[in-house]
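Data block below; observations after.
Rule-based calculations on the coordinates, nothing more; no lab input. These numbers come from a predicted model, not from an experiment. Every residue, glycine among them, receives a Cβ derived from its backbone with ideal geometry; neighbour counts consider all protein chains shown.
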Amino acid sequence: MSEKDLSISDMQKMQLELYEVNKEKWNDMEPKAAKSHILYMIEEIGECISIMKKKGINAIMEDKDIRARFIEEITDVQNYYIEVLNRLQITPEEYSKAYIEKHNLNMNRNYEKENKEKYNKKTF
């Protein structure tokens, strides 16, 4: 496969190909398996955090070996993320629509104001 900017549908197809090769050993493609994949994704995020803590951001930016290792781990995060989309049968179109809607909402948000209101409430 050539280097390119992968689309959501490309990644979903690639993960389905990988699943087909390993389906005898892996969790089934049922929606209930999405929970396990979210947990695996969190584990991979922890590996990314570990590299950041132990090596630092500068090393990720400047050391090609550390950068390659970090990118490998963040790719694992993405793989599990795509597995969740596949198991919950979330289409690229559904996801893209929600992403664009959330982006548009976020573009008009005042995060500082929201956080002040959220954390200054007397809820205790």
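List the DSSP H helices in the chain whose Cα atoms stretch 30 Å or more along the helix axis and whose mean Kyte-Doolittle hydropathy is at least -0.5.
On the way: long enough: 34-55 (31 Å, 0.08); 64-87 (34 Å, -0.58).
What comes out of the filter, once short or polar helices are dropped, is 34-55.
Pop out the Kirkwood hydrodynamic radius of the chain from its pairwise C-alpha distances, inverse of mean 1/r, in Å to one decimal. Working shown, then result.
Working: mean 1/r = 0.0576 Å⁻¹.
After inverting the pairwise mean of 1/r, the radius is 17.4 Å.
Over the chain, what is the mean sequence separation of C-alpha contacts under 8 Å (at least six apart), divided by residue count, expressed as relative contact order in percent?
Contact order relative to length: 34 percent.
Taking one equal scatterer on every alpha-carbon of segment 1-52, how large is log10 of I(q)/I(0) by Debye at q = 0.18, 0.19, 0.25, 0.32 1/Å?
Result of the Debye calculation: -0.83, -0.89, -1.06, -1.09.
Within 10 Å, at most 11 other Cβ atoms, and a DSSP state outside H, G, I, E, B define an exposed site. Report the longest part of the chain free of exposed GluC sites (Glu not before Pro). List each step's numbers first, then the result.
Numbers: sites that count: Glu3, Glu24.
The longest uninterrupted stretch comes out as 25-124.
For a 26 Å ceiling on Cα separation, which of these pairs sit above it: Lys35/Lys97; Lys53/Lys116; Lys32/Lys55; Lys4/Lys35; Lys23/Lys64? Write down the numbers at each step before the final one.
Working: Lys35/Lys97 23 Å; Lys53/Lys116 29 Å; Lys32/Lys55 36 Å; Lys4/Lys35 30 Å; Lys23/Lys64 34 Å.
Correct reply: Lys53/Lys116; Lys32/Lys55; Lys4/Lys35; Lys23/Lys64.
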